[in-house]
1. Assuming R0 = 45 Å, can you tell me the calculated FRET efficiency for the pair residue 208 and residue 88, based on Cβ-Cβ distance, to the nearest 0.05?
2. Of the peptides 285-294, 233-242, how do they stack up when ordered by the mean number of other Cβ atoms within 10 Å, highest first?
3. How much length, in nm to one decimal, is gained on full extension between residue 328 and residue 316, taken as 0.36 nm per residue of separation minus their Cα-Cα distance?
4. Determine the shape class of region 162-248: with a ≥ b ≥ c the square roots of the Cα gyration tensor eigenvalues, call it rounded for a/c under 1.5, and otherwise prolate if a/b is greater than b/c, oblate otherwise.
5. Subtracting the Cα-Cα distance from 0.36 nm times the residue separation, let me have the gained length for residue 184 to residue 55 in nm, one decimal.
């Protein structure tokens, strides 16, 4: 895959994941119903565009907390799919979920059909202290009324496109690296203020994913954002694919600011040593079990504690997962266990806290990537 010049951010984003259970009369070529989010009016309504829906099926539309996939959510509408195929619709956001940062939406139909997605309601919104329901096991491939034969439709493999920050030249450029991108899809790249997820940001480029998968690119930071401390970056396609992340607008950093440097003692002519920013990227994940990292610029002979927590916490006050001494410092690779209390979360923050004020943090999708 050829390299491209763009900018690098970590984190990630999410695609529609739908799993259909169809009656025995559905042929092997049956399509999987999916829907994408086309518009959100904060705390008011969400608009969707659906495709490949079955004909003449009654559906119930539900919304719930982000972590629930809409299972046993609040009913917000009912409809009959009529001729099936593609259609557009809008649904009101229930009062119980107003103010939430992200919301799940689910459509469940008779005969075992269903599809779900999620959307950003308010980038500055709230998160539940504890998910109202952890994601439950996926329904079996059989509809409620058992057919005489097993359904032929297979679940769709969950592949989440993501972007990771590689480097930054403050106020000028950001370099990114992608993973799991679809083939031959045109993306619009936007940047915006922190917490916006890049939605309705300043357009900085249009790119084609070519062969997809992983590639690098760099982008100019818009003049309107050049003085911002932190910046969001987003990739969005007309097909509904998207990924977003954010970065510190500091030269040479990725997702972590430098620790506060200790001033040199007064009365000495010896200059303070040059301080590098410790940072790490996620290299692999075994869902619910372990996460592997590649670190660089770590100080020598420093004791570190590895903590993990919920998304958006930066790992502060998280569950202790491991301890280590950085030894000679510099670069290293390591694998840490995911605490049992976090094993069912979709996204997890990870933080390395060291003595002397050193720290670095990141986050990862809790799905297997090797």
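1. So, using R0 = 45 Å, E works out to roughly 0.95.
2. 233-242, 285-294
3. 1.7 nm
4. prolate
5. Separation in residues times 0.36 nm, less the Cα-Cα distance, equals 43.4 nm.
Rule-based calculations on the coordinates, nothing more; no lab input. Every value quoted in this text rests on a predicted model; they were computed, and no experiment measured them. Cβ coordinates were reconstructed from backbone atoms using ideal geometry, including for glycine residues, and neighbour counts include every protein chain displayed.
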